[in-house]
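Note sheet for the following structure.
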Amino acid sequence: MQDMPITILGIESSCDETAAAVLRRNANGDTKVLSSIIASQDEEHRPYGGVVPEIAARAHMQKVDSIIDQAMKDASIDYDALSGIAATSGPGLIGGVIAGLLSAKGLAMATGKPLIAVNHLEGHALSPRLSAPCPFPYLLLLVSGGHTQLLAVKGLGDYERLGSTVDDAAGEAFDKTARVMTLGFPGGPAVERLAANGNPHAIKLPRPFRGKDHANFSFAGLKTAVARAFEASDKSDAAKADIAASFQQAVCDVIFERTSKAMDMFTSDSSSQAPYRFVVAGGVAANKAIRETLDTLCAQKGFTLTAPPMKYCTDNAAMIALAGIEHYIKGNFAALDVKARPRWPLDDKAAAANPASGFGKKGPKS
Amino acid sequence: MITLGLDTSGAWCSAAIVDEARLIASCTEKIGRGHAERLAPMVNDLLSLENIKAQEIQRVAVCTGPGSFTGLRVALAFARGFALPRKIPVIGLSALEVLAAQIDPHQDKRVVSVMDVRRGQLCWAAYDGRAEIQTPVTMTIPDAKTNIKKLGYDRLVGDGATYFDQENSISHISPSALAWISMDHNPQSRPANPLYSRPPDAKLPGGISL
């Protein structure tokens, strides 16, 4: 037990949101978000229909210090009052990670406070605990523009990969579907809006890995099938709506079936027992059809569904500060030479032994 | 005024601590890659070696480029973070300006600084003593040659000098020179913003490049 409050500044810059937040954990264990600022770069990336790494890095560089300062002002605390500084050090787009991490190194040196290097995925894994009690263990579906993974979250630093995409993330498939039909960026909301007017059974699309005895995902083939279907269509608004609806239905079916497999794996593990908890995080969790799919699945499988509020579901710095608090308590501080890592799987062992996606110089992605 | 000078824009990782009158400590290492790991420990070592507290630093001077986009952001992000708690000034100076001052310490000559920014392009600027008579500009090698010859110069400096059949006499930015030059400037005249030699590589849908 701690007797002093712990106050941590969190910094996030691994994709296309520049974010900073201040969290305080009081001696009684309560955690409060004192401030949380998120600056989106959607405008900068919109013309390209996807996140352009160098554009992202430039935008982070341009505003990361003012976002940090704004978070401190909103929290009404002085830099000297911080216990430590936590920053995402990976995985992510390296130019952006470096901008955030190096600001944190500068801050840590100027204040003499410890630096905490946080895994962005661990931030997501802990994010349900920002808004409600969520005891370990739980099954996590992280589904965003950069990641699609199923993890058994057993404790701080104890994560077991049950499934992962072997190619694209689900959010990438939404972005690419939107780009093929020139619906705009980010693709998720655009596809969802259009899907509301379409017939989800109009176009036959694949359900990759259906029936397979693992919980991995694949979205690359689905994306290609969408592109073909659009080419073959009359490209009318009605055809676009049908393709969007059919695509969204395919993603829902895949998530339902693959997650169901992971739930079986989770409940057969002797370390987990009822009541079983299921958490969904990541930007794609904003999709209402996917939420409803997961509601149905959880009801069938006897899991309770927790989804953090949207502001903590997408990329944010509050989750980085929360992971920072947990590591601060354990004394897990980073040296000043800590690396920015483009890849950093949460389940290092599984990723090294049997990479689900990503190989080569940067190492396995998951 | 105790000033910290930082450069991570090229193959070198460099830091120096100076005051008006003297060089307190300095370190320059040719590392090629890995500036994001090396810079902070380097600054920390300089401070502890000289028994200076981070809180005693009153100003930071950073090289803004041209150079590696990722590399130049290392020192800029570090400097901006370092400056936040006490709101100390951060001054950004281009490599072109610093190299010109290094080759012309009395600042009484016309100096052209020219750097090879790859893809057949040179980034250059010109100085008459202290005055910047040509702000940093990127153009093709033939265009740069024509423009620079037309302008004329007493000294030519930078790794682009080889295109003018000259040896490059100064291999890297001196972090102490950078720190001293910054004392003549303020964050308004020399903001700590990156000097990118070209726009990001990004293609608009349909193959149109930015």
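The values are calculated or read from the model by the stated rules, or taken from the named source; none is laboratory data. Just so it is clear, the structure is predicted and the values come from calculations on it, not from any experiment. As a convention, Cβ positions derive from the backbone with ideal geometry for all residues, glycine included, and neighbour counts pool all protein chains shown. Ligands, DNA and RNA are stripped out before the accessible areas are found, and what is left, the full protein with its side chains, is counted by its heavy atoms. Shrake-Rupley method; radii C 1.70, N 1.55, O 1.52, S 1.80 Å.
Grab the alpha carbons of the range A:246-366, take their convex hull, and tell me the volume per residue in Å³.
Taking the convex hull of the Cα positions in the range A:246-366, it is 165 Å³ per residue.
Roughly how tilted is helix B:141-151, in degrees to the nearest 10 and between 0 and 90, from the longest Cα axis of chain B?
Relative to chain B, helix B:141-151 is tipped by roughly 80 degrees.
Please determine, in degrees from 0 to 90 and to the nearest 10, the orientation of helix A:318-330 with respect to the longest principal axis defined by the Cα atoms of chain A, where the helix direction is its Cα long axis.
Helix A:318-330 and the main axis of chain A meet at about 50 degrees.
Can you show me the helix-derived [θ] at 222 nm for chain B, built from DSSP H runs with n ≥ 4 at -39,500 (n - 2.57) apiece and divided by the number of residues, rounded to the nearest 500.
Theoretical 222 nm ellipticity from helices: -8500 deg cm²/dmol.
Kindly provide the trypsin sites (Lys or Arg not before Pro) of the range B:1-64 that DSSP labels as loop, not H, G, I, E or B, and whose Cβ sees at most 16 other Cβ atoms within 10 Å.
Counting only loop positions with at most 16 other Cβ atoms within 10 Å, the trypsin sites (Lys or Arg not before Pro) in the range B:1-64 are B:Arg22, B:Arg33, B:Lys53.
Calculate, for A:Arg291 and A:Ala27, the FRET efficiency according to 1/(1 + (r/R0)^6) with r their C-beta to C-beta distance and R0 35 Å; round to the nearest 0.05. The partial results should precede the final answer.
Values: r = 37 Å, r/R0 = 1.04.
Efficiency computed from Cβ-Cβ geometry: 0.45.
Whole number please: convex hull volume per residue of the Cα set in the range B:96-164, in Å³?
Taking only Cα atoms, the range B:96-164 has a hull volume of 67 Å³ per residue.
Given N residues in the range A:2-120, what is its alpha carbon radius of gyration divided by 2.2 N^0.38 Å?
Scaled against compact globular proteins, the figure is 1.08.
Amide H to amide H under 5 Å from A:Leu34: which residues, 5+ apart in sequence or cross-chain, H placed 1.01 Å off N in plane?
A:Val22, A:Leu23, A:Arg24
Please list, in order along the range A:24-33, the HN-Hα scalar couplings obtained from phi with the Karplus expression 6.51 cos²θ - 1.76 cosθ + 1.60 (θ = phi - 60°), rounded to whole Hz, x for Gly and Pro.
The phi angles translate into 10, 10, 7, 4, 7, x, 5, 10, 10, 7 Hz.
Quick one: in the range A:138-307, what % of C-alpha pairs are over 26 Å apart?
The share of Cα pairs beyond 26 Å in the range A:138-307 comes to 27 percent.
Among the listed pairs A:Lys339/A:Lys365; A:Lys339/B:Lys53; A:Lys330/B:Lys53, which have their C-alpha atoms separated by more than 23 angstrom in this model? Please report the intermediate quantities before stating the final value.
On the way: A:Lys339/A:Lys365 16 Å; A:Lys339/B:Lys53 25 Å; A:Lys330/B:Lys53 27 Å.
As for pairs spanning more than 23 Å Cα to Cα, those are A:Lys339/B:Lys53; A:Lys330/B:Lys53.
Could you please state, rounded to a whole Å, how far the C-alpha centre of the range A:98-132 is from the C-alpha centre of the range A:245-311?
Distance between centres, Cα-based: 28 Å.
Principal axis extents for the protein assembly as shown, Cα atoms only, whole Å, descending order, please.
Sorted from largest, the Cα extents of the protein assembly as shown read 81, 65, 41 Å.
Under a 1.4 Å probe, what is the accessible area of chain A per residue, stated in Å²?
Working: 13940 Å² over 366 residues.
I get 38 Å² per residue for chain A.
Starting at the first residue of the range A:107-115, write each ³J(HN,Hα) from the Karplus equation 6.51 cos²θ - 1.76 cosθ + 1.60 with θ = phi - 60°, in whole Hz, x for Gly and Pro.
With the stated coefficients, the range A:107-115 comes to 5, 4, 5, 5, 9, x, 8, x, 9 Hz.
Please quote Rg/Rh for chain B to two decimal places, taking the Kirkwood radius as Rh and restricting both calculations to Cα atoms.
0.98
Taking amide H positions as placed 1.01 Å from N in the peptide plane, with prolines and chain starts having none, which residues 5 or more places from A:Gly163, or on another chain, fall under 5 Å of its amide H?
Residues meeting the criterion, in which the H sits 1.01 Å from N, are A:Leu150.
If you average the alpha carbon positions of the range A:56-74 and of the range A:35-49, how far apart do those two centres end up, in angstrom?
Value for the Cα centre distance between the two parts: 13 Å.
Can you list the chymotrypsin sites (Phe, Trp or Tyr not before Pro) in the range A:279-366 that are in a DSSP coil and have 11 or fewer other beta carbons within 10 angstrom?
Answer by residue number: A:Phe359.
Which semi-axes, in whole Å and largest first, does the equivalent ellipsoid of the range A:318-366 have when worked out from the alpha carbon gyration tensor as the square roots of 5 times its eigenvalues?
Semi-axes (√(5λ), whole Å): 25, 13, 10.
Count charges around A:Pro200 for me, please; just the other residues with Cβ under 10 Å from its Cβ, Lys/Arg as +1, Asp/Glu as -1.
Values: positive: none; negative: A:Asp242, A:Asp253.
Charge balance in the 10 Å sphere: -2.
So what is the calculated 222 nm ellipticity per residue for chain A, using -39500 (n - 2.57) for each DSSP H run with n of 4 or more, over all residues, to the nearest 500 deg cm²/dmol?
Details: 12 runs with 154 residues, N = 366.
About -13500 deg cm²/dmol.
Using alpha carbons only, how many degrees (0 to 90, rounded to 10) separate the axis of helix A:53-75 from the longest principal axis of chain A?
50
Rounded, prolate or oblate: which fits the range A:20-83, taking a ≥ b ≥ c as square roots of the Cα gyration tensor eigenvalues, rounded meaning a/c under 1.5, else prolate when a/b beats b/c? List each step's numbers first, then the result.
On the way: a/c = 3.58, a/b = 2.39, b/c = 1.49.
Cα axes put the range A:20-83 in the prolate bin.
Suppose we keep just the alpha-carbon trace of the range A:109-156; what are its Rg and Dmax in angstrom?
Over the range A:109-156's Cα set, Rg and Dmax evaluate to 13.6, 40 Å.
Which order do A:Cys15, B:Cys13 take when ranked by solvent-accessible area (1.4 Å probe, heavy atoms of all protein chains), largest first?
In descending accessible area the options line up as A:Cys15, B:Cys13.
Return the equivalent ellipsoid semi-axes of the range A:86-200 as a descending list in whole Å, where each equals the square root of 5 times an eigenvalue of the C-alpha gyration tensor. Walk me through the numbers on the way to the answer.
On the way: eigenvalues 199, 87, 32 Å².
Here the semi-axes work out to 32, 21, 13 Å.
Using the alpha carbons of the range B:23-145, what is the convex hull volume per residue in cubic angstrom, as a whole number?
Looking at the range B:23-145, the number lands at 126 Å³ per residue.
Loop only by DSSP, 13 or fewer other Cβ within 10 Å of the Cβ. Give me the trypsin sites (Lys or Arg not before Pro) in the range B:107-210 that pass, ordered by residue number.
Those satisfying the criteria are B:Arg118, B:Arg119, B:Arg130.
What residue among B:Asn186, A:His120, A:Tyr328 has its Cα farthest toward the positive end of the dipole of the protein assembly as shown, where the charges are +1 on Lys, Arg and -1 on Asp, Glu, each on the Cβ?
My answer, from the dipole projection, is A:His120.
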